[in-house]
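Input: a single structure, listed below in C-alpha cells.
The values are calculated or read from the model by the stated rules, or taken from the named source; none is laboratory data. Since we're looking at a predicted model, the values are computed, not measured. So basically every Cβ, Gly included, is an ideal-geometry build from the backbone, and we count neighbours across all protein chains shown.
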Amino acid sequence: MKAQENPDVIIIGAGAGGLAAAWRLGSIGLRVAVLEAGQYFRPLRDYPHRENDERGLTYNASVDARGVRRQTFGKRQTIPQELAAYRSRSAGDAEPSDGPRRYWGYSHVRGVGGSTLHFQGEAHRYHPDELTLQSKFGYGCDWPISYKELVHYYAIAEKIIGISAPLHSFRPREGAPDFEPHRLSYGSQLLVPAFKKVGLDLLPNPVAVLKSKRGSRAACNYCSCCTAGCPTGAKGSADVTFWPAARATGNVTLRTRATVFGIQTDVSGHISHVLFRNRSGGADRLACRILVMAAGAIETPRLLLTSTSRLFPSGLGNGDGQVGKHLTETLYWFSAGFHPEQIHSYRGLPRDGCAWNRAVHGANEGCLGGFTVSTNHGIPPFMSPTSYAALFSGFGQPFQDQVARHFGRGIALSATGQWLPSDSTFVDLDPTVHDENGLAVARITSALGHNEVALLKQMAACVRSVLVEAGITELAFEQSALDCFAASHVLGTCRMGTDSHTSVADKDSFSHEVPNLAFADGSLIPSTGSGDSPFLTITAMSIRTADRIASRLDEGKF
C-alpha cells in the first residue's frame, strides 16, 4: 500500500460542498486533497447537445459497474385508499397505481461537480425562520448558528457561482445579485394570470445560470437542457465554478476515480489515515490531519457507519446513534399537461418561474411549513420529440401525427414542500448487499408523516388550480412523493446541533465525538426549507466549515 504526500485536509467528495470547502481552504493556504469516486466529465465530449449528437449526461445512479445496487431500500410505506387521488398517474391510466410506496431511487451523480451536473440551477436562500423552527414554532430543530452568519456565507458563495435573481422576493437579501433575473419564457408568461387568480405571484426564479458571459463560461442559450448537463458552462455547477477557483490557488489536488474504502483512527480517537482505491484499482493510503466528509447525505453516513473499530464499535462519530438519522427528502408534486396552443415550451430555463406566497410558515392552514410552486417545462419528458413520443402509444402515421400535434405544447408545474425529520426516515446499512470493496451499501428507509401528507394535498390542489385557470385540461401525467420516492434534496443525516444526543456535528460543523472530523455536504443541514433548493445553503455552509477548520488550526487544536 503506497503512501502519498500528506495534505493538511482531506475531503471525500467533489460535489458542491466538497469543492466549495476545497476552494476556501486552498485560498487560506492550506494543502487540500479531494478524493472523488467518480470521473471528471468534459461537457463538449460527454453531453454536447448538438443537432447531430443529442447525448445528455448519462449516469446510472442506481447500480455500479457490476450491476449491484449503490443503495438499497427499506420498508415500504402503506398508502391508505382514501389518498388514491394523490397518487402518481399517466393520462392513459384508468386508475392510479396501487400498492405501497415505491422507491424509484436516490437521484445523484458520482463525478466532479456531483449532483450539480444535473440540477436545474435553482439557487435559493433559506427564510430566516428556517433556522429557528423549534423555538418559534415548536417543531423541527433550531440551527446552532445565526441567520446573519449564514447570509454572510451566502454572499461569498454567490460571488463565485454567479447568480441571476430578483432584487426583492420572499427571501431577504442585502445587496443586488450579480445578474438581473432571466425573463420568464413565453410558456411561463402565459401562466402569470392563472397564478394570480389562485393568489400566487409568479416571479423569476433565482438561478445559478449566467445571463451574460463570465470568463470562460458562456451566457445561457436557453436550450432547457440543464438536467442533462450544461455544455456551455452557463449553469453554475461546481465543476465550472468552485473547482477552477480551487485549482487556481495551487494548493488543491483532485484525485478522480478514488473510492474511499476505509477510515482509520489512532489510539486517541483521531482519524489518522484514509484508505482508497486509485484509478488503477490499487490501494492507496493518505495520512489525515483533518478529514472533511462531503460525499452527500447518503454516502457520508454510510462511510461513517462502515468505519467500525474498537473505539467506535457503532461507526465513526456514532456513539450516540445519530449518524444516518433525521433524513429529510424531497416532498414534491408534478402536474404536466398540454397547452391548447403551440407555445414552444422546450425553450428557456427549465425552471424559470417560482411563486413563494405559500413558502412561509403559517401560510397553509393545518400544516407546518410551506411550499413553492414552480414552472418546470424543461422536465425530461418535454425536452425533445423523442421524449414526447414516450408519452403516447400506437404506431405508424397516426402515432407520428399525435406526437407532432403535442410537441412544444407541454406545460409542467411542480410544488416542493417542507419535509420534517422523523424516526421513520433514515439511512442505515444493508445487511446483505456490499460494494466492490466489501463495504455494506446504504439502505434508505422513508415514510411520509402526517404533516407531509397534509401539505402534499394542498400542493396538489394549488398546482391543479393553476392549470385549470390556464385552460389546460389535457393532462400528460402527475407524479407525487406520496407513492414515489425519487429524492434528490436529501439532507440531515449528520446534522449540526448543540446536543450530541440529537445531532452528529457541533456548531462549527465538527463531529461531537471525533475531534478532527468535519462535514461539508447536505448531511450537515438540519432542515429542508419550505420548498427551497438546498444547493446554495450547502455551498455556503461548506465555506463556513472551511473557515472553522482554519480557526481551529490557528488555535493549535490539531
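Report whether or not Phe312 is among the hydrophobic types (A, V, I, L, M, F, W, C) and over 17 Å from Phe510 (Cα atoms).
So Phe312 does not fit the description; no.
How many residues does segment 177-187 contain that are of a type in the set (Gly, Ala, Ser) and either in contact with a helix residue (DSSP H, G or I) (Cβ under 9 Å, 6 or more places away or on another chain) or under 16 Å from Pro166 (Cα atoms) (or both)?
1
What number of residues in segment 30-88 are part of a strand (DSSP E or B) and within 30 Å of Leu286 (Cα to Cα)?
Looking only at that region, the number is 9.
Regarding segment 375-383, can at least one residue be identified that is farther than 17 Å from Phe119 by Cβ and within 20 Å of the chain's Cα centre (by Cα)?
There is no residue in segment 375-383 that is farther than 17 Å from Phe119 by Cβ and within 20 Å of the chain's Cα centre (by Cα).
Could you say whether any residue in segment 29-39 is surrounded by fewer than 16 Cβ atoms within 10 Å (Cβ to Cβ) and within 17 Å of Cys484 (Cβ to Cβ)?
no
Take segment 518-558 and flag every residue that is farther than 16 Å from His489 by Cβ, assigned to a loop (DSSP other than H, G, I, E, B) and either among the hydroxyl-bearing types (Ser, Thr, Tyr) or without any contact (Cβ under 8 Å) to a residue 60 or more places away in the chain (or both).
Correct list: Glu555, Gly556, Lys557.
Evaluate segment 472-483: report whether one residue or more is at pLDDT 95 or above and of a type in the set (Val, Ile, Thr).
No, segment 472-483 contains no residue that is at pLDDT 95 or above and of a type in the set (Val, Ile, Thr).
Mind telling me which of the residues Leu467, Leu517, Leu448, Leu439 ends up being touching a helix residue (DSSP H, G or I) at 6+ places or on another chain (Cβ under 6 Å) and surrounded by 18 or more Cβ atoms within 10 Å (Cβ to Cβ)?
Just one listed residue meets the conditions, Leu439.
Quick one: count up the residues across segment 330-345 that are surrounded by fewer than 24 Cβ atoms within 10 Å (Cβ to Cβ) and in a loop (DSSP other than H, G, I, E, B).
Qualifying residue count for the region: 7.
Cβ-Cβ below 7 Å, separation at least six or inter-chain, first residue in segment 279-304 and at positive phi, second modelled with pLDDT of 95 or more and outside any helix (DSSP H, G or I): which pairs?
Going by the 7 Å Cβ cut-off, the qualifying pairs are Gly296/Gly13; Gly296/Gly15; Gly296/Asp521.
Looking at this structure, is Gly175 touching a residue at least 40 places away in the same chain (Cβ under 8 Å) and surrounded by fewer than 23 Cβ atoms within 10 Å (Cβ to Cβ)?
For Gly175, the condition - touching a residue at least 40 places away in the same chain (Cβ under 8 Å) and surrounded by fewer than 23 Cβ atoms within 10 Å (Cβ to Cβ) - is not met.
Considering every residue within segment 356-364, establish whether at least one is in contact (Cβ under 8 Å) with a residue 40 or more places away in the chain and closer than 20 Å to Tyr186 by Cβ.
The answer is no; no qualifying residue exists.
Given (1) in a loop (DSSP other than H, G, I, E, B); (2) surrounded by 15 or more Cβ atoms within 10 Å (Cβ to Cβ); (3) without any contact (Cβ under 8 Å) to a residue 60 or more places away in the chain, identify the lone condition not met by His377.
In the conditions (1) in a loop (DSSP other than H, G, I, E, B); (2) surrounded by 15 or more Cβ atoms within 10 Å (Cβ to Cβ); (3) without any contact (Cβ under 8 Å) to a residue 60 or more places away in the chain, His377 misses (3) alone.
In segment 395-420, which residue that is in a loop (DSSP other than H, G, I, E, B) and modelled with pLDDT of 95 or more is surrounded by the fewest Cβ atoms within 10 Å (Cβ to Cβ)?
Among residues in segment 395-420 that are in a loop (DSSP other than H, G, I, E, B) and modelled with pLDDT of 95 or more, the one surrounded by the fewest Cβ atoms within 10 Å (Cβ to Cβ) is Leu420.
So which residues in segment 319-358 are within 18 Å of Pro421 (Cα to Cα) and not charged (D, E, K, R), if there are any at all?
Residues satisfying the conditions are Gly321, Gln322, Val323, Gly324, His326, Leu327, Thr328, Thr330, Leu331, Tyr332.
Considering only residues that are surrounded by fewer than 24 Cβ atoms within 10 Å (Cβ to Cβ) and of a type in the set (S, T, N, Q), look in segment 481-502 and name the one that is nearest to the chain's Cα centre (by Cα).
So, considering only residues that are surrounded by fewer than 24 Cβ atoms within 10 Å (Cβ to Cβ) and of a type in the set (S, T, N, Q), the one nearest to the chain's Cα centre (by Cα) is Ser488.
Which residues, counting only those in segment 123-145, are part of a loop (DSSP other than H, G, I, E, B) and of a type in the set (D, E, K, R)?
Selection gives Arg125 alone.
Based on what the data block shows, is Gly121 at positive phi, surrounded by 14 or more Cβ atoms within 10 Å (Cβ to Cβ) and either out of contact with any helix residue (DSSP H, G or I) (no Cβ under 7 Å at 6 or more places or on another chain) or modelled with pLDDT under 95 (or both)? Before the answer, list the steps.
On the way: at positive phi: yes; surrounded by 14 or more Cβ atoms within 10 Å (Cβ to Cβ): yes; either out of contact with any helix residue (DSSP H, G or I) (no Cβ under 7 Å at 6 or more places or on another chain) or modelled with pLDDT under 95 (or both): yes.
Answer is yes for this residue.
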